[in-house]
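K.L.:
Got a structure here, written out as structure tokens. Questions coming.
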Amino acid sequence: YPINPPVLYEARLERLYDIARMVYADHIADEEEMEIMIRLGIGLGFSPGNVELIVKKAMYLLSLGVDVETFKEEIKHMNR
């Protein structure tokens, strides 16, 4: 199914946060879930070259229990 990513970068970060929270709801991120996250990250407009690192960082941040604002700031520093 096609993904209609938000136009604004901030909204894309919030969407990534929401998706990551859904994946991490059971506190387990298996290989299949990580592959889906990578595909969704590319669909949201993140660079294919570093999307895997962004997804891993997103899951790590959720394991720490950060809020959406902290999440967005941390991911912004990675996607440069």
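The values are calculated or read from the model by the stated rules, or taken from the named source; none is laboratory data. All values reported here derive from a predicted model rather than from experimental measurement. Note that each Cβ is placed from the backbone with ideal geometry, even for glycine, and that neighbours are counted across all protein chains shown. We work out accessible area using only protein heavy atoms, side chains counted, and drop any ligands, DNA or RNA first. Shrake-Rupley method; radii C 1.70, N 1.55, O 1.52, S 1.80 Å.
K.L.:
For the chain, set up a GNM with springs between Cα atoms under 10 Å and report which of Gly49, Gly65, Gly41 has the largest fluctuation.
P.N.:
Gly49
K.L.:
Now for a different question. Give me the 1.4 Å probe accessible area per residue for the stretch 2-80, excluding ligands and nucleic acids, in Å². Each step should come with its number before you reach the end.
P.N.:
Working: 4920 Å² over 79 residues.
Value returned for the stretch 2-80: 62 Å² of accessible area per residue.
K.L.:
Can you tell me the relative contact order of the chain? Whole percent, Cα pairs under 8 Å, sequence separation 6 or more.
P.N.:
Working: 56 pairs, mean separation 30.6, N = 80.
Relative CO of the chain lands at 38 percent.
K.L.:
Compute the distance in nm between two label points, each set 7 Å from the Cα along the Cα-to-Cβ direction, one at Ser47 and one at His77.
P.N.:
Between Ser47 and His77, the simple spin-label model gives 1.7 nm.
K.L.:
Given 0.36 nm per residue, what is the gain on full extension from Val66 to Glu35 after removing their alpha carbon distance, in nm? Write out the running numbers ahead of the final one.
P.N.:
Details: separation 31, 0.36 × 31 = 11.16 nm, distance 2.25 nm.
The span from Val66 to Glu35 would gain 8.9 nm if fully extended.
K.L.:
Sticking with this one: Kindly provide the helix-only [θ] at 222 nm of the chain, computed as the sum of -39,500 (n - 2.57) over DSSP H runs of four or more divided by all residues, to the nearest 500 deg cm²/dmol?
P.N.:
Working: 4 runs with 53 residues, N = 80.
Helix contribution divided over all residues of the chain: -21000 deg cm²/dmol.
K.L.:
Ignoring ligands, DNA and RNA, please state the percent of accessible area on the chain from carbon and sulfur, probe 1.4 Å. Please list the in-between numbers first.
P.N.:
Values: 2860 of 5180 Å².
So the carbon and sulfur contribution to the accessible surface is 55 percent.
K.L.:
Where a Cα-Cα gap under 18 Å defines reach, which aspartates and glutamates qualify for Lys72, not counting those fewer than 8 residues away within the same chain?
P.N.:
Reachable aspartates and glutamates: Glu10, Glu14, Asp18, Glu52.
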